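To start, the structure under review is shown below, and the notes come after it.
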Amino acid sequence: MGFQTEFNSVCKFKSDQELYELMEYGRGKMVKQGFRVFPTGQKVIAYTPDNVAVAIVKIVGCIAEINFQGQEVTEVEMELIRKLNDEESRIQTALAYEMFFGEHNP
């Protein structure tokens, strides 16, 4: 058991449904496997499951727990600050591939 610290500028969704709820309602949460620490109060870039930058979000809560199935999970609550425009998305996506996700050939 141990906590993993997330990059302070990346919030990558694994679920299209969780991302949809954030974009549609302005608030949402995502569930990550394992115990993790997210920077509560900080603004970060949100990425789709396909590693495309889509928005600036603010992390408003981070709860690590063992669920009823005995799995270590972390729930991250956030609010939408704003969606990125096409140019911002393109640039942030390219930077994220270089810094975090690995090689990308658009």
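Yes or no: segment 43-52 includes at least one residue that is without any contact (Cβ under 8 Å) to a residue 12 or more places away in the chain and out of contact with any Phe, Trp or Tyr (no Cβ under 7 Å at 6 or more places or on another chain).
There is at least one residue in segment 43-52 that is without any contact (Cβ under 8 Å) to a residue 12 or more places away in the chain and out of contact with any Phe, Trp or Tyr (no Cβ under 7 Å at 6 or more places or on another chain).
Does K14 fit the bill of being touching a strand residue (DSSP E or B) at 6+ places or on another chain (Cβ under 8 Å), open to solvent by 80 Å² or more (accessible area, probe 1.4 Å), of a type in the set (D, E, K, R) and in a strand (DSSP E or B)?
no
The rows are residues; the columns are (1) touching a strand residue (DSSP E or B) at 6+ places or on another chain (Cβ under 9 Å); (2) more than 17 Å from L22 (Cβ to Cβ).
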| position | (1), (2) |
| --- | --- |
| E75 | yes, no |
| E87 | no, yes |
| I91 | yes, yes |
| E98 | no, yes |
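I need a count of the residues in segment 26-52 that are surrounded by 12 or more Cβ atoms within 10 Å (Cβ to Cβ), assigned to a strand (DSSP E or B) and over 10 Å from the mean Cα position of the chain (by Cα).
6
Filter segment 53-81 down to the residues that are among the β-branched types (V, I, T) and open to solvent by less than 70 Å² (accessible area, probe 1.4 Å) and list them by number.
V54, I56, V57, I59, V60, V73, T74, V76
The values are calculated or read from the model by the stated rules, or taken from the named source; none is laboratory data. Model, not experiment: these values are computed from the prediction. Positions of Cβ are backbone-derived with ideal geometry, glycine not excepted, and every protein chain shown enters the neighbour counts. Note: areas computed on protein heavy atoms with side chains; ligands, DNA, RNA excluded. Shrake-Rupley method; radii C 1.70, N 1.55, O 1.52, S 1.80 Å.
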